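The values are calculated or read from the model by the stated rules, or taken from the named source; none is laboratory data. It should be emphasised that the depicted structure is a prediction, and the values quoted were computed from it without experimental measurement. FYI the Cβ positions are ideal-geometry reconstructions off the backbone, even for glycines, and counts take in every protein chain you see.
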C-alpha cells in the first residue's frame, strides 16, 4: 500500500470517484457519489468533498459538511457520505478518511463530528463505532445519529 492522501474532488478524479464499487449489499446503505457531487455543487460554501488516493488510485470518497449556523445540530460538522472501494476495504482507508475529516473539523473550530446511518448487518455501524462514534439519537426515519468528540 502506497501512502494514503486526500485530494479535492476535481475533473481529474470525479469519474473514478463516481465509479467506486462497494461490496454486495452495501449499496443500500449509502447514496451514490454522484449524489454527493450534486450536493457539493448546490452547497459549495459548506460541502467538503474529497477522494482518498492510494498512490494514484482512487480508493475512497468522503464528504463532510461544515455549517456552524445550521439550525440542525447534527448537520453542523458531519460526514455526509463515505464510500470505500470493495477491493480496498479493511486496509485503513475509511479510518484515514474519518481522521482527515476530523482534523479539518478541528481546524475550523468544531468540537465534534456527527454521522447518520441506517442500521443493518451490511451497513457502516460497526465501522463508525470502531472509529469512536457513539450513538446519540435517531432520525425520524430510523437512522442512527452518532457523534465523535474531537
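Scan (1) surrounded by 17 or more Cβ atoms within 10 Å (Cβ to Cβ); (2) touching a helix residue (DSSP H, G or I) at 6+ places or on another chain (Cβ under 9 Å); (3) modelled with pLDDT under 95; (4) assigned to a helix (DSSP H, G or I) for the single condition residue 34 breaks and write down its number.
(1)
Name the pairs whose Cβ atoms lie under 6 Å apart, with the first residue in the stretch 137-148 and under 17 Å from residue 121 (Cα atoms), the second assigned to a loop (DSSP other than H, G, I, E, B) and modelled with pLDDT under 95, and 6 or more positions between them or separate chains?
143/118; 144/119
Can you confirm whether the stretch 102-121 contains a residue that is modelled with pLDDT under 95, assigned to a loop (DSSP other than H, G, I, E, B), more than 14 Å from residue 78 (Cα to Cα) and touching a strand residue (DSSP E or B) at 6+ places or on another chain (Cβ under 9 Å)?
Yes, because at least one residue in the stretch 102-121 is modelled with pLDDT under 95, assigned to a loop (DSSP other than H, G, I, E, B), more than 14 Å from residue 78 (Cα to Cα) and touching a strand residue (DSSP E or B) at 6+ places or on another chain (Cβ under 9 Å).
Which residue is surrounded by the fewest Cβ atoms within 10 Å (Cβ to Cβ), if the candidates are limited to the stretch 1-31 and must be more than 18 Å from residue 55 (Cα to Cα) and touching a strand residue (DSSP E or B) at 6+ places or on another chain (Cβ under 7 Å)?
Here the residue is 31.
In the stretch 122-133, which residues are touching a residue at least 24 places away in the same chain (Cβ under 8 Å) and not in a helix (DSSP H, G or I)?
Those that are touching a residue at least 24 places away in the same chain (Cβ under 8 Å) and not in a helix (DSSP H, G or I): 122, 123, 124, 131.
Just the residues that are part of a loop (DSSP other than H, G, I, E, B) and touching a helix residue (DSSP H, G or I) at 6+ places or on another chain (Cβ under 7 Å), please, taken from the stretch 3-31.
Residues of the stretch 3-31 part of a loop (DSSP other than H, G, I, E, B): 3, 9-13, 19-26, 30-31.
Those that are part of a loop (DSSP other than H, G, I, E, B) and touching a helix residue (DSSP H, G or I) at 6+ places or on another chain (Cβ under 7 Å): 9, 20, 21, 22, 23.
Suppose we keep only residues that are in a loop (DSSP other than H, G, I, E, B) and modelled with pLDDT of 95 or more within the stretch 56-68. Which one would you say is nearest to the chain's Cα centre (by Cα)?
Just the residues of the stretch 56-68 that are in a loop (DSSP other than H, G, I, E, B), to begin with: 56, 67-68.
Checking which are modelled with pLDDT of 95 or more leaves us with 67-68.
Values: 67: 16, 68: 18 Å.
Result: 67.
What residue, of 130, 126, is out of contact with any strand residue (DSSP E or B) (no Cβ under 6 Å at 6 or more places or on another chain), surrounded by fewer than 17 Cβ atoms within 10 Å (Cβ to Cβ), modelled with pLDDT under 95 and more than 15 Å from residue 63 (Cβ to Cβ)? So that I can check it myself, show each step before the final result.
On the way: 130 fails: modelled with pLDDT under 95.
Answer to the selection: 126.
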